[in-house]
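What follows is one structure encoded as structure tokens, with my remarks underneath.
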Amino acid sequence: MPPNDKYITEALAAFRRATGFKAEYRRRSGNRNLSVDGSLRVDCQGSTWDFVVQARLRVTTETPAVMRHSTPEGQRDVLVVTPYVSPPMADRFRALDIFFIDAAGNAYINRPPMYVFIKGNRPLIDVRPAAPSRLFRAGGLRIVFALLVDPSLVDRPYRDMAVAAGVALGTVGGCIQELKAAGYLLNLGPRQHRLANTETLLKRWVEAYPEQLRPKLVRDRFAADRPDWWKRFDIASIGGAWGGEIAAARLIGSLKPAKVTVYTEAPFGVMVFQNRLRKEPDGDVEILTPFWHCDHELSQKGLVPPLLVYADLLASGDPRNIETAEEIHERYLSGLVR
């Protein structure tokens with residue numbers, strides 16, 4: 001039995017017990033879409049609903065936001081199945097209108113006249129989150145990011161990939177093999193490769209980045225008396241780049257930034273002094289270390305790559321940022337996904 005099927009079977013049994021509804025799961029067959037595991041049919045009060053199942057061995061705080069963005073408007077037939085959803089996470093799923101069921105009997109489905117929202121059930125089995133694969137731990141995330149930003153790297157020597165991703169040379173080979181085994185990298189011939197299933201790969205990267213890599217990059221946090229100080233500061237003076245809401249505001253124009261995200265390896269004392277920033281653990285100015293070493297389309301604008309802007313916006317959980325992230329995706333990432 002595939003690993004995902006075990007949790008789907010347990011979640012399905014828990015859903016039946018909790019609701020009394022009839023439900024039948026069918027595993028996918030011959031489908032190259034790695035984001036789809038199968039389909040679920042639910043019978044309730046003489047009516048039938050069909051859902052596309054996406055099984056997740058682990059969900060993060062970014063999962064609902066990623067699902068919200070990747071589900072087209074009007075297509076509300078995607079159902080996340082996972083071992084366990086905590087009460088705060090269940091509220092997050094409901095707030096973004098993303099359907100789920102778990103092995104503990106928690107669920108959210110809103111398909112009138114069927115409405116199910118159950119939270120707070122404790123798991124009866126060991127639901128400690130499965131450790132992510134090497135691809136979605138810190139080193140692998142660096143490599144995947146470099147390949148998504150510059151897909152031409154797939155046919156370059158491993159040494160070039162290591163430099164672009166900022167990882168040890170020995171890390172590259174194992175990650176490339178995992179990309180191939182998972183169906184994300186196709187071998188077209190001698191030294192000819194192509195990224196595949198990029199939409200799924202991008203979503204998995206965005207979900208894992210805030211948990212597995214981003215916390216390791218944070219250098220410090222500050223608070224500012226003037227919320228618009230960044231408009232007058234030359235980010236190039238510290239060899240940095242704007243990320244998050246500032247980058248989105250520069251790219252889209254409709255977002256009014258509430259938080260400032262700076263990526264720089266250089267000392268930032270000049271920035272702190274000139275703008276009278278004060279050190280504060282929960283301040284709205286966050287400084288992080290860049291983790292890529294490759295050119296991209298926004299380099300000359302003093303902005304981080306579009307994929308990182310997108311990820312930082314979704315990680316915030318702010319509905320206005322999620323909406324802006326959709327625009328960033330459409331303008332800068334949709335070509336890669338297609």
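Structural remarks
- Peptide packing: for 195-205, 112-122, the average count of neighbouring Cβ atoms within 10 Å per residue gives the ranking 195-205, 112-122, highest mean first.
- Take His69: with every protein chain present and a 1.4 Å probe, its accessible area is about 30 Å².
- Helices in the chain, meaning DSSP H runs of at least 4 residues, each add -39500 (n - 2.57). Divided by all residues, the mean residue ellipticity at 222 nm is -10500 deg cm²/dmol.
- Note on Ala258 and Ser133: the extension gain reaches 41.6 nm, defined as 0.36 nm multiplied by sequence separation minus the Cα-Cα distance.
- Angle between the chain longest axis and helix 169-181 axis [Cα atoms, degrees, rounded to 10]: 30
- 0 to 90° range, to nearest 10: angle between helix 198-212 axis and the chain longest Cα axis: 70
- Surface accessible to a 1.4 Å probe, per residue, for the residues of the stretch 277-321, Å²: 42
- DSSP bridge orientation in the stretch 198-338 - percent antiparallel, rounded to nearest 5: 65
- Gyration tensor (alpha-carbon) shape descriptor, the stretch 140-231, a/c threshold 1.5: prolate
- Unit charges at the beta carbon, dipole of the stretch 269-330: most positive-side option, Ile287, Leu307, Gln274: Gln274
- Remark: the Arg191-Lys279 segment gains 26.7 nm on full extension, using 0.36 nm per residue and subtracting the alpha carbon distance.
- Across the stretch 263-287, the residues whose backbone nitrogen lies under 20 Å from the label position 7 Å along the beta-carbon direction of Ser237 are 263-279, 285-287.
- Taking the chain as the region of interest, the number of lysine pairs whose Cα atoms are within less than 21 Å, with members eight or more places apart or on different chains, is 13.
- Portion, in percent, of the accessible area of the stretch 205-313 that falls on carbon or sulfur, probe 1.4 Å: 48
- Helix axis angle, 138-149 relative to the chain longest principal axis, alpha carbon, degrees: 80
- Förster-model FRET efficiency, 35 Å R0, Ser47 and Arg320, C-beta, rounded to 0.05: 0.50
- What you get for the chain, charging only the Cβ of Lys and Arg (+1) and of Asp and Glu (-1), is a dipole of about 560 debye around the Cα centre.
- Note on Val218 and His293: with the Förster distance fixed at 22 Å, the Cβ-Cβ geometry gives a FRET efficiency of about 0.70.
The values are calculated or read from the model by the stated rules, or taken from the named source; none is laboratory data. Just so we're clear, the structure is a prediction, and the values are computed from it rather than from any experiment. Reconstructed Cβ throughout: ideal geometry from the backbone, glycine too, with neighbour counts over all protein chains shown. Calculation scope for accessible area: heavy atoms of the full protein, side chains included, ligands and nucleic acids excluded. Shrake-Rupley method; radii C 1.70, N 1.55, O 1.52, S 1.80 Å.
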